[in-house]
Ligand code: HAM
């Protein structure tokens, strides 16, 4: 019986795993430099943590969560995102006493979506959150952090920052009402999918990809026209700071994001290079969410990025680690091979022992595994402690002393 992986999940190994680890390494490095502490939360939580905050009507909750009943009938959900678990963990562990509190995490998320390139049912997110401040520099900082990480991992790619503001929560509520009314009045001109969203989530109609909706969306009341002067000023200030930081920004008035908790700044880093799942990183401000989860009335801002999507854009990683193989001519030389093996490991080199005891087979295996060096352990060292060192890239072979071998490899 051959058991297949579940649809939308994948195993990670080889080149792909190298890319994955590079992303995580870069994230941890930048987290440290920007002063964000790691916070790891469980993969499953009580379902109620996600239901209301993400929006009972949002796509994530309605269609995509993996929810099940535990033996004692508790309803449990595999986390579809990291922001709400981070808030729960920060509140539960008393981590919100010194503000602002800045956290990051990486890990698996689960959404039962239709799998396609860049969209999976189990995927990994990088997540950064800053709790407890609405200073616009926290918006700038979090965007700059995303930009820095993407620039370092994908220097060869064109990635664009899309930016919008939703205004305050109160403003957004009024605007949603205006929008519902407008779409209700024009219901007969909308697609069935959009009609379903009119009362529950009219903002989501704005980013509908359905051609039927295009005209009616074009003519709808604009969010920007509903914004207060002070909200507009904040937005201007953010845009100016991004210019000062040389972060090219595309203002995208249709950008509303898929989760219900956002207000003020929303943003996405997008690419044209991977097809329809083109958002690498998405985030924004969520003042009110911590309170909605039973905490103090603290503001917050953050983002999450899909590691697998970022990996789709990465080049293969050329490792500068030395790949050294041992070739042992005959089992009688095992003792010398062991001494060489120990010497290399103690000097912080990696070494691969193939158990072949046959020079021809060892050379062929080393070449299959793209080894850079092969050290041949045989008669020479038996007599005078010398080894044959073959550089498999240049083809050059030398006889070297044990004490000099590291200089040759370096
Ligand atoms: P999100 O837009 O739902 O936001 O997801 C963020 C990123 O996760 C996406 O831009 C994408 O790269 C990746 N992603 C989402 N779904 C999938 C999938 N099915 N397969 C592969 N990658 C995927 C959030 O999750 C918010 N919690 C972000 C946030 C943090 N906002 C404030 N703080």
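Since every read-out is calculated from the coordinates, none of them should be taken as a lab result. In this text, all values refer to a predicted model and were calculated from it rather than measured experimentally. For neighbour counting, all protein chains shown are included, and Cβ atoms are generated from backbone atoms with ideal geometry for every residue, glycine included.
Using alpha carbon centroids, what distance separates segment 304-332 and segment 154-214, in Å? Cα centroid to Cα centroid, the span is 44 Å. By DSSP, the beta bridges lying fully in the chain are antiparallel in about 80 percent of cases. Largest GNM mean-square fluctuation across 68, 349, 267, computed for the chain with C-alpha springs under 10 Å, falls on 349.
Of all beta bridges that DSSP places with both ends in segment 15-144, some 90 percent have antiparallel geometry. A Gaussian network model of the chain, with springs between Cα atoms under 10 Å, assigns the largest mean-square fluctuation among 215, 252, 260 to 215. Springs between alpha-carbon atoms under 10 Å, Gaussian network over the chain: tell me which of 159, 393, 317 tops the mean-square fluctuations. Checking each option, the largest mean-square fluctuation is seen for 393.
With each label modelled as a point 7 angstrom along the Cα→C-beta vector, the residue 232-residue 32 pair spans 4.6 nm.
How much of the DSSP beta bridge set in segment 297-410 is antiparallel, as a percent to the nearest 5? If we restrict to bridges inside segment 297-410, about 55 percent are antiparallel. For an R0 of 56 angstrom, estimate the FRET efficiency from the Cβ-Cβ distance between residue 207 and residue 379 and round to the nearest 0.05. Efficiency at R0 = 56 Å is approximately 0.20. Cα extents for the chain along the principal axes, largest to smallest and rounded to whole angstrom: 93, 55, 45.
The gain in end-to-end length when the residue 193 to residue 225 segment is fully stretched comes to 8.9 nm, 0.36 nm per residue minus the alpha carbon separation. Dividing the summed -39500 (n - 2.57) terms of all DSSP H runs of n ≥ 4 by the residue count of the chain sets its mean residue ellipticity at 222 nm at -11000 deg cm²/dmol. Once both labels are positioned 7 Å from their Cα atoms along Cα-to-Cβ, the gap between residue 360 and residue 12 label points is 4.2 nm. Note on 121, 71: ascending count of other Cβ atoms within 10 Å places them as 71, 121, the fewest first. Can you give the FRET efficiency to the nearest 0.05 for residue 134 and residue 322, using r as the Cβ-Cβ distance and R₀ = 45 Å? Calculated value: 0.35.
Here the gap between residue 345 and residue 215, fully extended at 0.36 nm per residue and compared with their Cα-Cα distance, gives a gain of 40.0 nm. Start at zero, step by 5 Å, and the Cα-Cα distances of segment 1-109 spread as 2, 10, 15, 16, 18, 17, 13, 6, 2, 0, 0 percent across the bins.
The ranking of 400, 224 from fewest to most other beta carbons within 10 Å of each one's beta carbon is 224, 400. Listing 263, 241 from fewest to most neighbouring C-beta atoms within 10 Å gives 241, 263. Note on residue 158 and residue 312: their simple-model spin labels are 1.8 nm apart, each label 7 Å out from Cα toward Cβ. Rounded to the nearest 0.05, the FRET efficiency derived from the C-beta distance between residue 112 and residue 393 at R0 = 51 Å is 0.60. Between residue 406 and residue 76, residue separation times 0.36 nm minus the direct Cα-Cα distance comes to 113.3 nm. Principal axis analysis of the Cα atoms in segment 244-302 yields extents of 41, 30, 18 Å, listed in decreasing size. Mean projection of the Cα convex hull over all viewing directions, computed for segment 199-339: 17.7 nm².
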